[in-house]
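Asker: Please find one structure pasted underneath; my questions will follow.
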Amino acid sequence: MPTPAHSSRSPTDHRPQTTSLLAWYRAHRRDLPWRRTRDPYRIWVSEIMLQQTRVDTVIPYYERFLRALPDLQALAAAPEQALLKLWEGLGYYRRARHLQAAAKRIVHDLDGCVPATAAGWRELPGIGDYTAAAIASIAQNEPVPVVDGNVLRVAARVWGLTDDIALPRTREQIRTRLQALMDNTPAAHAAPGDFNQALMELGALVCIPGDSPRCAECPLQPDCIACRDDRTAELPVKARRRAVPHYHVAVGIVRRGNSILVQKRPAAKMLGGLWEFPGGKLQSGETPAAALRRELCEEIGLEVIDAEPLGIVAHAYSHFRVTIHAFLVIAPSRFRARPTAADEARWVTPAALPLLPMPAATLRILALLEKNALAR
DNA sequence: AAGTCGGGGAC
DNA sequence: GTCCCAGACTT
């Protein structure tokens, strides 16, 4: 009687494909900066930056950050504004605050010694299940699996899982299966960092989102249920996210002499600690110019006499979108700003503006300003 | 379980 | 426009 090539395995025994996954990874892994070190500090910084952020985006930030703050002590001692400037444009700025808070805890409370296990890393701010497992497996060889967006997609397809991968229960099931796979495969157990990175790399390069993964190149293809049944386009199953609201905002670039007014956002709120121009949302039926007058009066106590439209910037945040109407406003020389919505207001010369950390949308308004100035 | 928290690339 | 990205945290 002819026997299938993999008849010696039970349906849940995926050791042979695990071995080919590791071989594929070692042949195809990208040469990324954080793959040239085992320094837990550097691996940690990379994993925080990589949260919800693409590899190509992170690379320049990672290299600049480590040049400026090459070790734990430097990070713990860095001024907040310098830290945020290094993070400017990367998004999710709370990551930077948590990173430094954790560094301070390690330096001051843990005698400068980083945690030795995933459970220890998990106690630190900004480090959840994924990041703790990633650091411990990659930098410290602890055999714990990571579950990120890539891994969820690969697992859902290979195992033909139709449960919503956004549900914690589904994620836990996948984590448990991966732990068993790692524990039962000597090659993976001995190189958990490679195993974890192999799954993520496969998700990034081969088992990509959408309806056209590159199954012909996949080392797991022989045992992939989604590929076998031609269901890669349907998997993974993920609940659709609801539509995001769209706001219109008016902001004023207020000049007084040769200075421009900027405000520092409260630390605990969105874009905390970053600097931006005063302004706010349009109310229902309100024109941008009317909103500008109202907001500048409310936020800094300025009666706007004349506002010249500078331009419009569209920007998408994670849970809403905005169209920003920017204006040039001249303030009288006697004007003194009294901020009501910000931690601090400051008058800055145009040359000094780039020294302050600002959100991406504000940087784009600034670019409008420079273009406008050149046209004059 | 759902909402908050950025920004950008791919389609 | 939509979806996704080496997620964490709060409520």
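Asker: Taking 0.36 nm per residue of sequence separation and subtracting the Cα-Cα distance, how much length would be gained by fully extending the chain between A:Leu32 and A:Gln179, in nm to one decimal? Present the calculation step by step, with values, prior to reporting the outcome.
Answerer: Values: separation 147, 0.36 × 147 = 52.92 nm, distance 2.57 nm.
Gain in length upon complete extension: 50.3 nm.
Asker: Counting only protein heavy atoms, what percent of the accessible surface of the stretch A:246-375 is carbon or sulfur at a 1.4 Å probe? Walk me through the numbers on the way to the answer.
Answerer: Details: 3580 of 6530 Å².
The computed percentage sits at 55.
Asker: Considering amide H positions built from the backbone, and no H for Pro or chain starts, which residues 5 or more places from A:Ala166, or on another chain, come under 5 Å of its amide H?
Answerer: Sorted by chain and number, the residues that satisfy this are A:Ala239.
Asker: If R₀ is 41 angstrom, what is the calculated FRET efficiency for the pair A:Asp71 and A:Thr162, using the beta carbon separation as r and rounding to 0.05?
Answerer: Numbers: r = 46 Å, r/R0 = 1.13.
It comes to 0.30.
Asker: Only loop residues by DSSP count here, and only those with at most 15 other Cβ atoms within 10 Å; note down the chymotrypsin sites (Phe, Trp or Tyr not before Pro) in the stretch A:261-320 that meet that. All intermediate terms of the calculation are to be shown ahead of the outcome.
Answerer: Values: sites: A:Trp275, A:Tyr317, A:Phe320; in loops: A:Tyr317, A:Phe320.
Hits after loop and neighbour filter: A:Tyr317, A:Phe320.
Asker: Over chain A, one equal point on each Cα, no solvent: what is log10 I(q)/I(0) by the Debye formula at q = 0.07, 0.10, 0.11, 0.15 Å⁻¹?
Answerer: Listed by q, the Debye log ratios stand at -0.43, -0.78, -0.89, -1.24.
Asker: Can you give the calculated 222 nm mean residue ellipticity of chain A, where each DSSP H run of n ≥ 4 adds -39,500 (n - 2.57) and the sum is split over every residue, rounded to the nearest 500 deg cm²/dmol?
Answerer: That calculation yields -13000 deg cm²/dmol at 222 nm.
Asker: Let me ask something additional. State, as an integer percentage, the relative contact order of chain A based on alpha-carbon contacts under 8 Å between residues 6 or more apart. Intermediate values should be presented prior to the final figure.
Answerer: Details: 562 pairs, mean separation 57.1, N = 376.
Worked out over chain A, it gives 15 percent.
Asker: Which of the trypsin sites (Lys or Arg not before Pro) found in the stretch A:244-273 are in a DSSP loop and have at most 14 neighbouring Cβ atoms, other than their own, within 10 Å? Walk me through the intermediate numbers first.
Answerer: On the way: sites: A:Arg255, A:Arg256, A:Lys264, A:Lys269; in loops: A:Lys269.
Counting only loop positions with at most 14 other Cβ atoms within 10 Å, the trypsin sites (Lys or Arg not before Pro) in the stretch A:244-273 are A:Lys269.
Asker: If I take every Cα pair under 8 Å that is 6 or more residues apart in the stretch A:136-234, average their sequence separation and divide by the length, what percent do I get for the relative contact order? Present the calculation step by step, with values, prior to reporting the outcome.
Answerer: Details: 118 pairs, mean separation 35.3, N = 99.
Computed value for the stretch A:136-234: 36 percent relative contact order.
Asker: Now a separate question. At 1.4 Å probe radius, can you tell me the per residue accessible area of the stretch A:287-359 in Å²? Write down the numbers at each step before the final one.
Answerer: Values: 3880 Å² over 73 residues.
On a per-residue basis, the stretch A:287-359 sits at 53 Å².
Asker: For the stretch A:15-228, what % of the accessible area comes from carbon and sulfur atoms, probe 1.4 Å? Don't skip to the answer; put the middle values down first.
Answerer: Working: 4950 of 9580 Å².
C and S atoms contribute 52 percent here.
Asker: Can you tell me the length gained on complete extension of the stretch A:Asp306 to A:Met270, counting 0.36 nm per residue apart and subtracting the Cα distance?
Answerer: Details: separation 36, 0.36 × 36 = 12.96 nm, distance 3.03 nm.
Here the segment from A:Asp306 to A:Met270 would lengthen by 9.9 nm.
Asker: Between A:His246 and A:Thr57, what is the spin-label point distance in nm, taking each point 7 Å from the Cα along the Cα→C-beta axis?
Answerer: 2.2
Asker: Based on the inverse mean of 1/r over its pairs of different Cα atoms, what is the Kirkwood hydrodynamic radius of the stretch A:15-228, in Å? All intermediate terms of the calculation are to be shown ahead of the outcome.
Answerer: Numbers: mean 1/r = 0.0556 Å⁻¹.
Its Kirkwood hydrodynamic radius stands at 18.0 Å.
Asker: At 10 °C and 1.306 mPa s, what whole-number value in µm²/s does Stokes-Einstein give for the translational diffusion of the stretch A:70-125, with Rh from the Kirkwood sum over Cα pairs? Don't skip to the answer; put the middle values down first.
Answerer: Details: Rh = 11.8 Å.
Stokes-Einstein gives a translational diffusion coefficient of 135 µm²/s.
Asker: Provide the per residue accessible area, probe 1.4 Å, for the stretch A:115-260, rounded to a whole number of square angstrom.
Answerer: Details: 6700 Å² over 146 residues.
Computed with neighbouring chains in place, this is 46 Å² per residue.
Asker: Something else about it: Looking at this model, which pairs from A:Lys104/A:Lys264; A:Lys104/A:Lys238; A:Lys269/A:Lys371 are more than 26 angstrom apart at the alpha-carbon?
Answerer: Cα-Cα > 26 Å for A:Lys104/A:Lys238; A:Lys269/A:Lys371; rest within.
Asker: Taking the Cα centre of the stretch A:15-228 as origin and charging only Cβ (+1 Lys, Arg; -1 Asp, Glu), how large is the dipole, in debye to the nearest 20?
Answerer: 240
The values are calculated or read from the model by the stated rules, or taken from the named source; none is laboratory data. This structure is a prediction, so every number in the text was calculated from the model and none was measured. Every residue, glycine as well, gets a Cβ built from its backbone with ideal geometry; the counts of neighbours run over all protein chains shown. In case anyone asks, the SASA skips ligands and DNA or RNA and just uses the protein heavy atoms, side chains included. Shrake-Rupley method; radii C 1.70, N 1.55, O 1.52, S 1.80 Å.
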